[in-house]
Amino acid sequence: METVHISDLRPGQYINNNGQVITLEQAKKLLEGGAAPVLHTVSDEYIGRVLDSLHDAREAGQEPGDFCEPDPQAKLIEYRELRAVAIGPDRADIVAGYGTNEELAAWYRLEVTIPEEEWQDYKVVDLPLDKKMDWEEDGEMTLKELLEWETEFPQIVGSSE
C-alpha cells in the first residue's frame, strides 16, 4: 500500500480512522492527545462512489444502506518524522523510514536476512537529514533532498561507503 505523510495532506482531507471518517484536523488532535491510530486517506473516487450510491438509492425510492466497499486508492498515512540511519558492521547501508532506530533496524535485518551471529557486529547510527553526501547517480545533496524524491518507506537508499 502506498503511503503519504500527514504533512502532505490538504486541509479538510477526509481520513479513515478504523472505519470512522474524520477530518485531517480531527486526526491531528488525536495525535496531539497521544493516540497512535492507523490512519488511511479517503480518496475522492471513494467519496464519489458513496454519493452515487446514495443518489441511486434515493432515485429508486429506497432507504440508503451502509456503503462498505473497499477504497483501492486509499493510502496509509504516516505521521512520524522521517529519519535515516546507517546500519552495518561498518555502517555502510543507509536506511530511511518512519519509526525508531529499532524499527528501522528490524526492517533492515529482515530485508537483507542477516544471521544472528553476524547481527551482533552491526551498529545503527542516526544520520542528520541535512548531511551532504555524494550520491553516485544524483551527485552531491543532503539526505533530505534525496528523500524528497522517494515515496515508499522504509527503504535502503544508498551506501555511505
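The values are calculated or read from the model by the stated rules, or taken from the named source; none is laboratory data. Predicted, not measured: the structure shown is a model, and the values here were computed from it. Counting neighbours? That spans all protein chains shown, and the Cβs are built from the backbone with ideal geometry, glycine included. Surface areas here come from the heavy atoms of the whole protein model, side chains and all, with no ligands, DNA or RNA. Shrake-Rupley method; radii C 1.70, N 1.55, O 1.52, S 1.80 Å.
Just to be sure I understand, if you calculate Cα extents along the principal axes in Å for this structure, which of [x] 69, 35, 31; [y] 82, 38, 32; [z] 38, 33, 27 do you get? Correct label is [x].
With Cβ to Cβ distances under 14 Å as the rule, what net charge do the other residues near Glu102 carry (K, R +1; D, E -1)? Around Glu102, the surrounding residues sum to +2. The stretch 105-131 and the stretch 58-103 have Cα centres lying 22 Å from one another. Answer rounded, prolate or oblate for the stretch 64-157, using the Cα gyration tensor with square roots of eigenvalues a ≥ b ≥ c: rounded when a/c is under 1.5, else prolate when a/b is larger than b/c, else oblate. Oblate shape, in that a/c is at least 1.5 and b/c is the bigger or equal ratio. For the stretch 68-161, with all protein chains in place and a probe radius of 1.4 Å, 46% of the accessible heavy-atom surface sits on carbon or sulfur. Residues of the stretch 130-161 with an amide N closer than 20 Å to a point placed 7 Å from the Cα of Asp121 along the Cα-to-Cβ direction: 159-161. Applying 0.36 nm per residue to the separation of His5 and Val38 and subtracting their alpha-carbon distance, the gain on full extension is 10.6 nm. Probing with 1.4 Å while keeping every protein chain in the model, the per residue accessible area of the stretch 103-161 equals 71 Å².
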